[in-house]
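Peer 1: Can you read through this structure? Questions will come right after.
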Amino acid sequence: MKLSKSYQPHKHEPVIYSLWESHNAFRPARKGRPYSLVMPPVNANGNLHMGHALTFSIQDIVARYQRSQGKSVLFIPGADHAGFETQVVFERELAKAGKSRFDYSREELYKNIFNFVDQNRTNLHTQIRRLGASVDWTCYTFSLDPTVVRQAYATFHSMWRQGLIYRGERLVNFCTYHGTAFADIEVVHKEEQGKLWHISYPLTEGKGSVVVATTRPETMLGDTAVAVNPLDKRYQKLIGKTLRLPLTNREIPIIADSYIDPDYGTGAVKITPAHDPNDFNIGERHDLPKVTVIGFDGRLVHDVPEPFKGLTVEEGREAIINTLSDNGYLAGSEDLVHSVGHCYKCGTVIEPLLMEQWFIDMKPLAKQAIAAIRAGEIEFIPEAKQEQLMNYLENIRDWNISRQIAWGIPIPAFVNENDPGDWIYDERVDQEVIEINNNTYRRDPDVFDTWFSSSSWPYVTLGFPDSDYYQRFYPLELMESGFDILYQWIGRMIMLGLFVTKHVPFKRVYLHGMITDEHGRKMSKSVGNVINPMEVIDTYGSDALRIGIISGQTPGNNQSYVSAKVIGGRNFCNKLWNIARFVQDKAGSDQLVELSLADHWILNRYDMVVRSYCKLMDSYRFSEAYEEIYHFIWDDIADWYIEASKVCLNSGLVKQLLEAILILAHPFAPFVTETIWQNLALVPDSLLSGRQLVDLPKGNKQSAANFNTIIGLINLVRSMLVATGTKDVRLTYSNSSLLKEHASLIKQLTGVSSVTLGSGEGGVEIAYSKHKVWLDIGHDREAAYKQQLDNQIQQEARRVMQLETRLKNSQYVKRAPADLVEQSHAQLVASRQNLRQLKDEKQRLAH
RNA sequence: GGGGCUAUAGCUCAGUUGGCUAGAGCGCAGCAUUCACAUUGCUGAGGCCCAUGGUUCGAGUCCAUGUAGCCCCACCA
């Protein structure tokens, strides 16, 4: 089919993706070394955003490149139920309908969310296809698939048996709006302006009081002690005495603990073990009771004094301060900035609340991970991320994996109704109650933290433990992800991978940064700077988006989304398209004729470019690899080789070159390259996808160098014409077979009116290499030409001087590598010669 | 308090064992124009590579200190 004048992506993209799918193009090849990677499962609750476009582009570039290297590539797609995240999204949907999660039973809610997610997944799959991701859909995995759930249970069970799982009453990070606890790393800390209140607690016996300092006066109702530093002289004699807790009249002891900093606040600290992590620890050390005053609804609980019952934390704080002040207990206040934990979704202040939860003892797991990383079993790109992860692993904290939400994998644990300490592992989670040995056991209503199941992704998607794919493709060659989930996901995958499979789950981690807007600001709905990748594809095409997002991209750094780069990508696709159009027009016999200088030159370039391209791709430097082929295709092929082909065509070679560059460009622009491949039927009945890089005949170096001479001459004449502002110039050259052979090319590409053999009567002689060339630019233009010459002479003279001083430096000659010194010599000789020619030229001009 | 990153042309960014006469894309200026492509071609102007010191024959690149910005972890009564 004849190609249209410009490339129109939307006409071809869907067709091309279907073509790939119908030919099973993304199934791993039977032969070839395995190369495996897994898509980070996409959250099945919304649309793809720019981050997805980036991550899938990088992964797909790798996958397609590896196929072109003859590897057997497995690239697995997947989706995550994204427990809490999805429930939040769903609740927003409910809110639109004027409902809330409390209107449904747990089972109903689960079912509704399941349907919602199911619809979403179909939509997401379409979007993943639009991005061109060359994934093997037959391996698609969803995180609620039985295989994934089974693995989560197996891991949990084996950790349980090995004593790595424990259940305990701890202070957990609780969001009172969402009604669930979070892991420590999920809490977002923000600096906030607050007040440090000084409250006076009277001694029970005798006069006097102790003034404590607190940012959270409302928790005083749950105080069970006041602590001071044992070395603090001010309080030493009070240790062991008791205080009367204002507003409650409860009697609490004064205890000594070295945790207390005597220089901070008043040096006396109220201790609320049920509402502050540090107080909890102190409480454990001193065996203090834990009095809960804030409930899971974020309100003061019923057994607090009457006026405060049921108040929110903030209301309670105000009421208590007022009451304390009215009764003379308030001793003052000072402003301070402190950091406060918030729910990362809704921003509600996280309350530390006492709760029984399942925890994983992480230290033994982290230890293994640290050892494996130290042993160099995983390569980090960029390297600095390894240090960051190590730092995290070395300071790891236990992981709370219980979530109080409906949407997730139920925790397979049951408790004896008559013995709260008797917990058993059982997978019959579809039943609320089970009977064992005449005992009734009740199911834990909680579900797993989503990251617990997704941390098994690398092997669960491969069919661990006994599938062929697991044998062949594990560990993964590459895990590509965003650096924002380095701890939450990458770190945990390494730890669980080692625990479950005894191997690191992947050999290499590539971490990309976040996509920001053009000014480096985070994309957010409230700022209104969010760009939808699907709309970009609608406008410019999938390849254009991919190129735009990948060019200038480096691992580990944030990057701005710049639409100009996408337009650049679109233009590049069109360039490819038009090269193909040229080839299509000129298609004739495919026989290779004798190679011209231009042929030698382009073959020589191809060889160099392929080497460099592979080297860059093999070291995951995509942006540079793209730049390499971009310039080869645009500058070398289009601007020189095609132009030369218009004068002297080698139709067989031009076609071979087109094939070769389509393969090179395919990882970056899969759609347009495959479209061209299909339309030109370059190799009938075949797909470009999966095709290996081709070897072309080697170009002769001398011939290539000679063509470079022609290029140089053309460039020189062009710049001269522009500098002197002349047109209708005739070019003459002295006897030279090289110039004679390329006379029409020179004429065409410089725009001179004629190129003839002669001795240049009436023209200026320009210095170029060993060839004599004259241009009759006319006397009136000679001044401009002289000016240009002067500039060149000045520049070259500077260069000569530089090289001379370098070579006069005995230390340089002695210590620099010999080939470098040699090179400097050669450069100096060339520069001197050039300078002499330029001066001669100026001399002649003067006459 | 601990860990990490960033600073290069007007803008967005490349620049991996130190050899740079520092690059790209966009933007800007000038010129061109049916015949693969205006999603074009040609020519050009733009830079004390944050600062200071050090190592070296040689530093954008390595080291130290500082300045400015950013991210993460911990703590903050």
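For (1) out of contact with any Ser or Thr (no Cβ under 6 Å at 6 or more places or on another chain); (2) open to solvent by less than 20 Å² (accessible area, probe 1.4 Å), each residue gets a yes or a no:
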position	(1), (2)
A:VAL148	no, yes
A:TYR153	yes, yes
A:GLY168	yes, yes
A:PHE182	yes, yes
A:GLU191	no, no
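Peer 1: Given the options A:GLU427, A:GLU417, A:GLU377, name the one that is in contact with a Pro (Cβ under 6 Å, 6 or more places away or on another chain) and of a type in the set (D, E, K, R). Steps first, answer last, please.
Peer 2: Values: A:GLU417 fails: in contact with a Pro (Cβ under 6 Å, 6 or more places away or on another chain); A:GLU377 fails: in contact with a Pro (Cβ under 6 Å, 6 or more places away or on another chain).
Of A:GLU427, A:GLU417, A:GLU377, the one residue that is in contact with a Pro (Cβ under 6 Å, 6 or more places away or on another chain) and of a type in the set (D, E, K, R) is A:GLU427.
Peer 1: Another question about this same structure. Find the residue count for segment A:129-138, including only residues that are assigned to a helix (DSSP H, G or I) and either among the basic types (Lys, Arg) or crowded, with 21+ Cβ neighbours inside 10 Å (or both). Before the answer, list the steps.
Peer 2: Keep residues of segment A:129-138 that are assigned to a helix (DSSP H, G or I), which gives A:129-130, A:137-138.
Right, trim to either among the basic types (Lys, Arg) or crowded, with 21+ Cβ neighbours inside 10 Å (or both) and you get A:129-130.
Number of matching residues: 2.
Peer 1: If you don't mind, another one. Take the residues of segment A:441-458 that are touching a strand residue (DSSP E or B) at 6+ places or on another chain (Cβ under 6 Å) and of a type outside the set (Phe, Trp, Tyr): which is nearest to A:ALA183 (Cα to Cα)?
Peer 2: A:ASP449
Peer 1: Moving on. Search segment A:208-224 for residues being farther than 20 Å from A:ASP335 by Cβ and among the hydroxyl-bearing types (Ser, Thr, Tyr), and hand back the single one that is most open to solvent (accessible area, probe 1.4 Å).
Peer 2: A:SER209
Peer 1: Could you tell me how many of the residues in segment A:627-648 are open to solvent by 10 Å² or more (accessible area, probe 1.4 Å) and away from RNA strand B (no atom under 11 Å from the Cβ)?
Peer 2: 2
Peer 1: Of all residues in segment A:762-780 being out of contact with any strand residue (DSSP E or B) (no Cβ under 7 Å at 6 or more places or on another chain) and not acidic (Asp, Glu), which is surrounded by the most Cβ atoms within 10 Å (Cβ to Cβ)? Break it down stepwise before answering.
Peer 2: Filtering segment A:762-780 down to residues out of contact with any strand residue (DSSP E or B) (no Cβ under 7 Å at 6 or more places or on another chain) leaves A:762, A:767-770, A:778-780.
With not acidic (Asp, Glu) added as a condition, the list becomes A:762, A:767-770, A:778-779.
Values: A:GLY762: 11, A:ALA767: 22, A:TYR768: 19, A:SER769: 16, A:LYS770: 10, A:GLY778: 15, A:HIS779: 9.
Here the answer is A:ALA767.
Peer 1: Moving to a separate point now. So which residues in segment A:649-681 are assigned to a loop (DSSP other than H, G, I, E, B) and buried (at least 19 other Cβ atoms within 10 Å of the Cβ), if there are any at all? Give the derivation first.
Peer 2: Taking segment A:649-681 as the starting set, the residues that turn out to be assigned to a loop (DSSP other than H, G, I, E, B) are A:649-650, A:666-669, A:681.
Once the filter is applied, which keeps residues that are assigned to a loop (DSSP other than H, G, I, E, B) and buried (at least 19 other Cβ atoms within 10 Å of the Cβ), segment A:649-681 yields A:ASN650, A:HIS666, A:PRO667, A:PHE668, A:ALA669.
Peer 1: Inspect segment A:584-595 for any residue being over 29 Å from the mean Cα position of the chain (by Cα), more than 8 Å from RNA strand B (Cβ to nearest atom), charged (D, E, K, R) and open to solvent by less than 30 Å² (accessible area, probe 1.4 Å) and give the result as yes or no.
Peer 2: No, there is no match, as no residue in segment A:584-595 is over 29 Å from the mean Cα position of the chain (by Cα), more than 8 Å from RNA strand B (Cβ to nearest atom), charged (D, E, K, R) and open to solvent by less than 30 Å² (accessible area, probe 1.4 Å).
Peer 1: Being part of a helix (DSSP H, G or I), surrounded by 14 or more Cβ atoms within 10 Å (Cβ to Cβ) and not acidic (Asp, Glu) narrows it down to one residue among A:LEU845, A:LEU820; which is it? Steps first, answer last, please.
Peer 2: Values: A:LEU820 fails: surrounded by 14 or more Cβ atoms within 10 Å (Cβ to Cβ).
After ruling out the rest, the residue left standing is A:LEU845.
Peer 1: Return the residues of segment A:15-43 that are closer than 14 Å to A:PHE671 by Cα and either in a loop (DSSP other than H, G, I, E, B) or of a type outside the set (Ser, Thr, Tyr) (or both); say none if nothing qualifies. Let's see the steps before the verdict.
Peer 2: Our first condition is that a residue be closer than 14 Å to A:PHE671 by Cα; within segment A:15-43, this holds for A:15-21, A:25.
Residues satisfying the conditions are A:VAL15, A:ILE16, A:LEU19, A:TRP20, A:GLU21, A:ALA25.
Peer 1: Note down all Cβ pairs under 7 Å where the first residue falls in segment A:2-14 and is outside any helix (DSSP H, G or I), the second is open to solvent by less than 60 Å² (accessible area, probe 1.4 Å) and near RNA strand B (Cβ under 6 Å from one of its atoms), and they're at least six residues apart or on different chains.
Peer 2: So the pair list comes out as A:LEU3/A:ARG581; A:SER6/A:ASN574; A:TYR7/A:ASN574.
Peer 1: Follow-up question, since we're still on this one. Test A:ALA375 against the criterion of being of a type outside the set (Lys, Arg) and either at positive phi or touching a helix residue (DSSP H, G or I) at 6+ places or on another chain (Cβ under 9 Å) (or both), and give yes or no. Please lay out each step first, then the result.
Peer 2: Working: of a type outside the set (Lys, Arg): yes; either at positive phi or touching a helix residue (DSSP H, G or I) at 6+ places or on another chain (Cβ under 9 Å) (or both): no.
No, not satisfied.
Peer 1: Can you run down the residue pairs with Cβ atoms below 6 Å, 6 or more apart or on separate chains, where the first is in segment A:372-398 and of a type in the set (A, V, I, L, M) and the partner is near RNA strand B (Cβ under 8 Å from one of its atoms) and open to solvent by less than 50 Å² (accessible area, probe 1.4 Å)?
Peer 2: Once the first residue is of a type in the set (A, V, I, L, M) and sits in segment A:372-398, its partners that are near RNA strand B (Cβ under 8 Å from one of its atoms) and open to solvent by less than 50 Å² (accessible area, probe 1.4 Å) give A:ILE381/A:PRO555; A:ILE381/A:TYR620; A:LEU389/A:LEU486.
Peer 1: Looking only at residues that are outside any loop (DSSP other than H, G, I, E, B), near RNA strand B (Cβ under 6 Å from one of its atoms) and not basic (Lys, Arg) in segment A:554-572, which one is farthest from A:GLN8 (Cα to Cα)? Before you say what the answer is, go through the steps one by one.
Peer 2: The first filter runs over segment A:554-572 and keeps only residues outside any loop (DSSP other than H, G, I, E, B), leaving A:559-560, A:563-572.
Those left that are additionally near RNA strand B (Cβ under 6 Å from one of its atoms): A:559-560, A:564-565, A:568, A:570-571.
Keeping just the survivors that are not basic (Lys, Arg) gives A:559-560, A:564, A:568, A:571.
On the way: A:GLN559: 28, A:SER560: 26, A:ALA564: 18, A:GLY568: 15, A:ASN571: 11 Å.
Applying the filter and picking the extreme gives A:GLN559.
Peer 1: Any idea which residue in segment A:742-761 is least open to solvent (accessible area, probe 1.4 Å), counting only those that are small (Gly, Ala, Ser) and touching a helix residue (DSSP H, G or I) at 6+ places or on another chain (Cβ under 9 Å)?
Peer 2: At the first step, the residues of segment A:742-761 found to be small (Gly, Ala, Ser) are A:743-744, A:751, A:753-754, A:758-760.
This time we only want the ones that are touching a helix residue (DSSP H, G or I) at 6+ places or on another chain (Cβ under 9 Å), so: A:744, A:751, A:753-754.
Numbers: A:SER744: 63, A:GLY751: 55, A:SER753: 54, A:SER754: 29 Å².
It comes out as A:SER754.
Peer 1: Does segment A:614-626 contain at least one residue that is touching a residue at least 12 places away in the same chain (Cβ under 8 Å) and more than 11 Å from RNA strand B (Cβ to nearest atom)?
Peer 2: yes
Residue by residue, here is whether (1) surrounded by 14 or more Cβ atoms within 10 Å (Cβ to Cβ); (2) closer than 28 Å to A:VAL301 by Cα holds:
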{"position": "A:HIS338", "(1), (2)": "no, yes"}
{"position": "A:THR348", "(1), (2)": "yes, yes"}
{"position": "A:GLU351", "(1), (2)": "yes, yes"}
{"position": "A:GLU356", "(1), (2)": "yes, yes"}
{"position": "A:ALA366", "(1), (2)": "yes, no"}
{"position": "A:ILE370", "(1), (2)": "yes, no"}
{"position": "A:GLN386", "(1), (2)": "yes, no"}
{"position": "A:LEU389", "(1), (2)": "yes, no"}
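Peer 1: Follow-up. Does A:VAL73 count as open to solvent by less than 20 Å² (accessible area, probe 1.4 Å), touching a residue at least 40 places away in the same chain (Cβ under 8 Å), farther than 26 Å from A:GLU186 by Cα and assigned to a helix (DSSP H, G or I)? Reasoning before the result, please.
Peer 2: Numbers: open to solvent by less than 20 Å² (accessible area, probe 1.4 Å): yes; touching a residue at least 40 places away in the same chain (Cβ under 8 Å): yes; farther than 26 Å from A:GLU186 by Cα: yes; assigned to a helix (DSSP H, G or I): no.
No.
Peer 1: Residues of segment A:189-213 being out of contact with any Asp or Glu (no Cβ under 9 Å at 6 or more places or on another chain) and under 25 Å from A:ARG299 (Cβ atoms), which ones?
Peer 2: Applying the first criterion (out of contact with any Asp or Glu (no Cβ under 9 Å at 6 or more places or on another chain)) to segment A:189-213 yields A:189-192, A:199-200, A:202-203, A:205-211.
Listed by number, the residues that qualify are A:HIS189, A:LYS190, A:GLU192, A:ILE199.
Peer 1: Can you tell me which of (1) in contact (Cβ under 8 Å) with a residue 40 or more places away in the chain; (2) open to solvent by less than 40 Å² (accessible area, probe 1.4 Å) is the one A:GLU85 doesn't meet?
Peer 2: (2)
Peer 1: Suppose the filter is surrounded by fewer than 17 Cβ atoms within 10 Å (Cβ to Cβ), within 19 Å of A:LYS290 (Cβ to Cβ), more than 10 Å from RNA strand B (Cβ to nearest atom) and not small (Gly, Ala, Ser); does A:ARG250 pass it?
Peer 2: Values: surrounded by fewer than 17 Cβ atoms within 10 Å (Cβ to Cβ): yes; within 19 Å of A:LYS290 (Cβ to Cβ): yes; more than 10 Å from RNA strand B (Cβ to nearest atom): yes; not small (Gly, Ala, Ser): yes.
Judged against the criteria, A:ARG250 is a match.
Peer 1: Checking A:GLY556 against (1) at negative phi; (2) touching a Gly at 6+ places or on another chain (Cβ under 9 Å): exactly one of these is not met. Which one?
Peer 2: A:GLY556 satisfies every listed condition except (1).
Peer 1: Only one residue in A:THR266, A:THR219 is in a loop (DSSP other than H, G, I, E, B) and either acidic (Asp, Glu) or within 10 Å of RNA strand B (Cβ to nearest atom) (or both), so which one is that?
Peer 2: Numbers: A:THR219 fails: in a loop (DSSP other than H, G, I, E, B).
Selected residue: A:THR266, the only one of A:THR266, A:THR219 that is in a loop (DSSP other than H, G, I, E, B) and either acidic (Asp, Glu) or within 10 Å of RNA strand B (Cβ to nearest atom) (or both).
Peer 1: Does A:LEU576 satisfy being surrounded by 18 or more Cβ atoms within 10 Å (Cβ to Cβ) and either more than 14 Å from A:LEU664 (Cα to Cα) or without any contact (Cβ under 8 Å) to a residue 40 or more places away in the chain (or both)? Don't jump to the end; show me each part of the working.
Peer 2: On the way: surrounded by 18 or more Cβ atoms within 10 Å (Cβ to Cβ): yes; either more than 14 Å from A:LEU664 (Cα to Cα) or without any contact (Cβ under 8 Å) to a residue 40 or more places away in the chain (or both): no.
Against the criterion (surrounded by 18 or more Cβ atoms within 10 Å (Cβ to Cβ) and either more than 14 Å from A:LEU664 (Cα to Cα) or without any contact (Cβ under 8 Å) to a residue 40 or more places away in the chain (or both)), A:LEU576 does not qualify.
Peer 1: Select, from A:GLU351, A:GLU356, A:GLU394, the only residue that is of a type in the set (D, E, K, R), closer than 29 Å to A:VAL172 by Cβ and more than 15 Å from RNA strand B (Cβ to nearest atom).
Peer 2: Working: A:GLU351 fails: more than 15 Å from RNA strand B (Cβ to nearest atom); A:GLU394 fails: more than 15 Å from RNA strand B (Cβ to nearest atom).
That would be A:GLU356, the only listed residue that is of a type in the set (D, E, K, R), closer than 29 Å to A:VAL172 by Cβ and more than 15 Å from RNA strand B (Cβ to nearest atom).
The values are calculated or read from the model by the stated rules, or taken from the named source; none is laboratory data. Small disclaimer: the values here were computed from a predicted structure and weren't measured. When we count neighbours, we look across all protein chains shown, and the Cβ atoms used for this are built from the backbone with ideal geometry, even at glycine. Protein only, heavy atoms only, side chains kept; ligands, DNA and RNA dropped before computing areas. Shrake-Rupley method; radii C 1.70, N 1.55, O 1.52, S 1.80 Å.
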